[in-house]
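The values are calculated or read from the model by the stated rules, or taken from the named source; none is laboratory data. A quick note: this is a predicted structure, and the numbers were derived from the prediction, not measured. Glycine gets a Cβ as well: all are built from the backbone with ideal geometry, and neighbour counts include every protein chain shown.
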Amino acid sequence: MSDKPRGPKKGEAAGVVVKLTKLDDGQYLLPLPDKITDGLGWNIGDDLDLEFTELCETWGETQGCVIRNLTKEREDV
C-alpha cells in the first residue's frame, strides 16, 4: 500500500469541499482550511468575492464556487 496521496476518483471533487454556513445575522461563513489559506498567502479579515457557477468536469457538470481574494488583488496591483 502506498502512502502517496491519490487523486480524486470519477465523480469526486477535485479540490477541498467545505460547508457554507449561514449565520444568525444573514451573513455567511466559509471555513477555509489552513492548507488552502496558508498556501495562497490569505489572511483572516481578507475581503473575498464568491461567484457561484456551473463547473464542467470530465464526468459531468456540478455546482461550484470561484473564490477571489479582493484584498490580495488590490495589494498585487
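The table below lists the values:
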{"quantity": "The stretch 28-46: number of residues that are within 13 Å of Val16 (Cα to Cα) and surrounded by 11 or more Cβ atoms within 10 Å (Cβ to Cβ)", "calculated": "4"}
{"quantity": "Qualifying positions in the stretch 22-77 - of a type in the set (A, V, I, L, M) and over 14 Å from the mean Cα position of the chain (by Cα)", "calculated": "Leu23, Ile44, Leu70, Val77"}
{"quantity": "Candidate set from the stretch 1-20 (those that are of a type outside the set (D, E, K, R) and under 14 Å from the mean Cα position of the chain (by Cα)); member that is modelled with the lowest pLDDT", "calculated": "Ala13"}
{"quantity": "Residue check for Asp49: exposed (fewer than 11 other Cβ atoms within 10 Å of the Cβ) and in a strand (DSSP E or B)", "calculated": "yes"}
{"quantity": "Answer residue from the stretch 52-77, given it is outside any helix (DSSP H, G or I) and β-branched (Val, Ile, Thr) and is surrounded by the fewest Cβ atoms within 10 Å (Cβ to Cβ) among those", "calculated": "Val77"}
